[in-house]
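The values are calculated or read from the model by the stated rules, or taken from the named source; none is laboratory data. Bear in mind the structure is a predicted one, so any value in this text is a computation, not a measurement. Neighbour counts are summed over all protein chains in view; Cβ atoms, including those assigned to glycine, are modelled from backbone coordinates with ideal geometry.
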Amino acid sequence: MRVLPFPCIRPVPAHAAEVAALPYDVFDRAEAVAYVQGRPLSFLNIDRPETQFAPDQDMYAPEVYARAAELLHERLDDGTYIADANRAYYIYELRCGAHTQTGLVGVCAIDEYEDGTIKRHELTREDKERDRIEHMRALGCQTGPIFLTYRDQPVLDIIINAAKESTPIYRFTDDEGVEQTVWEVVREDAVEAIHAMFAHVPCAYIADGHHRTASAVKVAQAMRDQARKDGTLTGKEPFNFFLSVLFPASQLAILPYNRVVADRSGLSVDELLNRVRAAGFDVIEADAAVKPETAGVVGMFTDGRWWRLAFSEALAAEVASADPVSALDVSVLQERVLAPIMGIGDVRTDPRISFVGGIRGTDELERRAGTEGVAFSMHATSIDQLLSVADADMLMPPKSTWFEPKLRSGLFIHRIAK
């Protein structure tokens, strides 16, 4: 793989904690507006520039993206951000309770996404791509790092851990209680060692950020086309690379991505239970919320009660011989329950289904389900399952993985245009 150092636009240490923000897509519009109140330096102001306008403003209008560019220039002018002239890697460590993961920030080649060296496992939506395309074009920058993973490389771990012996440029605890630490790697021998070791990594996998990646690729393709017309294309232009953070697979934590359906599709509770049994599940009423600790178990809440749905012996045998996608718990639930029983054909577009990921607990599922809905608590997809799906050139169902802790936006910006 080609993973290169780059000249980074980043906050000065005194403002790093104020700037760092959760990814733009974990907020709806109202949540984003509420979050930036009293946080003028938060990168969410730039990432979601519609927060600077009235509620009835078209959030995809050209003037909205133009405002994002204005804000970034203002932050550079007032000294909140600096533009490093040197090319560097950055080591990015996130610590949450007992969990720690350490990644390398660099830029990866667009060509390696296009040739499959960087593997994907999800479909993207054109409307979401279009938003980030316009955002990149307006800023001339990539602002949200793509979350990549790779199979562990012990020698690379040694090099990265050695670089952590230096003094960090940032260390702070964010609003979610995650300790964020960043080291800059500029020493020539360390930069060369990291670059050389990544050349031995055969491939990487997109863990999170499929839309940002696809958008970066489309922006690069357009800029390449223009450079070819101008006769200036060299292949070394910054737009040929996209901002990434790469983590060893063994360090990642995937949390459950749960489902809530707004109603029982006209079924009584007994009718629903009977149909779930007929779909291949052993159904047992539980005296407490069900939090599946193994694959092959799903919790179901409706009408104020919880049930434990376990794959029957026959269903478990069928799943054991299935392809990597069909073997996922989320796939089994979709094909056996959500589609045929609940009438949810496309989870990407059906307004009756919503999703609850990460650290939000079963109380949130119960609240959302209310008295008429149905909530399903899932066992988390494993990192090995994700890698297997991507290696098979297959695609996971939507909302299959939720990674925690989330990478913060605004700490690293990659300029792709002057």
If a residue must be under 22 Å from the mean Cα position of the chain (by Cα) and either part of a helix (DSSP H, G or I) or farther than 19 Å from Q101 by Cβ (or both), how many such residues does segment 141-197 contain? 3
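For (1) among the polar types (S, T, N, Q); (2) in a strand (DSSP E or B); (3) over 28 Å from the mean Cα position of the chain (by Cα), each residue gets a yes or a no:
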residue: V219; (1), (2), (3): no, no, no
residue: T232; (1), (2), (3): yes, no, yes
residue: L243; (1), (2), (3): no, yes, no
residue: R275; (1), (2), (3): no, no, yes
residue: A288; (1), (2), (3): no, no, yes
residue: V319; (1), (2), (3): no, no, no
residue: P324; (1), (2), (3): no, no, no
What do you reckon, is R120 basic (K, R), touching a residue at least 60 places away in the same chain (Cβ under 8 Å), out of contact with any Pro (no Cβ under 6 Å at 6 or more places or on another chain) and within 28 Å of L387 (Cα to Cα)? yes
Restricted to segment 158-177 and to residues being within 18 Å of A196 (Cα to Cα) and in contact (Cβ under 8 Å) with a residue 60 or more places away in the chain, the residue surrounded by the most Cβ atoms within 10 Å (Cβ to Cβ) is I160
Hits in segment 293-321 (condition: exposed (fewer than 13 other Cβ atoms within 10 Å of the Cβ) and hydrophobic (A, V, I, L, M, F, W, C)): A314, A317, A320
Test: E122 is charged (D, E, K, R), in contact with a Ser or Thr (Cβ under 7 Å, 6 or more places away or on another chain) and at pLDDT below 95: no
Can you pull out the residues in segment 356-388 that are in a loop (DSSP other than H, G, I, E, B), hydroxyl-bearing (S, T, Y) and crowded, with 20+ Cβ neighbours inside 10 Å? T381
Quick check: anything in segment 73-89 closer than 20 Å to L148 by Cα and not hydrophobic (A, V, I, L, M, F, W, C)? yes
Give the residue that is nearest to the chain's Cα centre (by Cα), with candidates limited to residues of segment 345-355 that are in a loop (DSSP other than H, G, I, E, B) and at pLDDT below 95. R348
When segment 68-88 is checked residue by residue, the ones that are among the charged types (D, E, K, R) and buried (at least 20 other Cβ atoms within 10 Å of the Cβ) are R75
